[in-house]
Amino acid sequence: MAAGFEGVTIERLDGAGADAAIPELTEILRDTVANGASVGFMDFNTSVDFERFWEGIALQVRAGDVVLFVARGAEGIVGTAQLHPVGKPNQPHRAEIAKVLVHSRARRRGIGEALMRAAESAALALGRDLLVLDTDELGAARRLYNRLGWTEIGTIPRYALMPDGRDCGSTFFYKSLG
């Protein structure tokens, strides 16, 4: 457990913790999509789809393929982030950050930053000193990553879709921790 911001702590979950968190993580993903974020899901997706996604992540956590963090406050889990160490033999130094999500009721409190710092620390502990991620070209996360010292590489237009079906460019970043 790590110290958090404004009464929020950042926790790294094991497989059992990931399983137990599925209902709250499902709600965070539902809220994120409902608020228009391009995070791999569409308006037509349901809570069942979101729950299946988190069940798959819990399996990956148990297998050691994903490091899962949650931000927990008095109101329960309000944010999450994932670290995916790359499993390729020629990339033992690299990991990807994914699904940095903060519930709309908890935004603008430093939770995204705290989740990112926890993921960066975990990456270093795993010997991963090069991180990559991508985000919606117009989203607030882009400003967060720039502020945290990530290097913006560029944007691929029409990389994905917004939940309502509009085109969405994806901006790619990297950060060297060494």
Inter-residue pairs, beta-carbon under 6 Å, first closer than 26 Å to ARG158 by Cα and in region 116-144, second part of a helix (DSSP H, G or I) and not β-branched (Val, Ile, Thr), 6+ apart: LEU131/ALA123; THR135/ALA141; THR135/ARG142; LEU144/GLY112
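Here is a yes/no grid of residues against (1) among the charged types (D, E, K, R); (2) over 16 Å from GLY79 (Cβ atoms); (3) at pLDDT 95 or above:
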position	(1), (2), (3)
ALA118	no, no, yes
ALA122	no, no, yes
GLY127	no, yes, yes
ALA141	no, no, no
When restricted to VAL33, VAL70, the only residue over 13 Å from the mean Cα position of the chain (by Cα) and at pLDDT 95 or above is VAL33
Say whether the condition of being at positive phi and over 15 Å from the mean Cα position of the chain (by Cα) is met by at least one residue in region 53-60. no
Residue check for ILE111: of a type in the set (Val, Ile, Thr) and within 17 Å of the chain's Cα centre (by Cα): yes
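When you look at GLU27, is it outside any loop (DSSP other than H, G, I, E, B) and open to solvent by 40 Å² or more (accessible area, probe 1.4 Å), yes or no?
Details: outside any loop (DSSP other than H, G, I, E, B): yes; open to solvent by 40 Å² or more (accessible area, probe 1.4 Å): yes.
Answer is yes for this residue.
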The conditions are (1) open to solvent by 40 Å² or more (accessible area, probe 1.4 Å); (2) in contact (Cβ under 8 Å) with a residue 40 or more places away in the chain; (3) assigned to a loop (DSSP other than H, G, I, E, B), and PRO163 fails exactly one of them. Which is it? (1)
MET42: passes all of (1) surrounded by fewer than 19 Cβ atoms within 10 Å (Cβ to Cβ); (2) hydrophobic (A, V, I, L, M, F, W, C); (3) farther than 25 Å from ALA160 by Cα but (3)
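The values are calculated or read from the model by the stated rules, or taken from the named source; none is laboratory data. Because the structure is a prediction, the values reported are computed rather than measured. In this analysis, Cβ positions are derived from the backbone assuming ideal geometry, glycine residues included, and neighbour counts consider all displayed protein chains. Ligands, DNA and RNA are stripped out before the accessible areas are found, and what is left, the full protein with its side chains, is counted by its heavy atoms. Shrake-Rupley method; radii C 1.70, N 1.55, O 1.52, S 1.80 Å.
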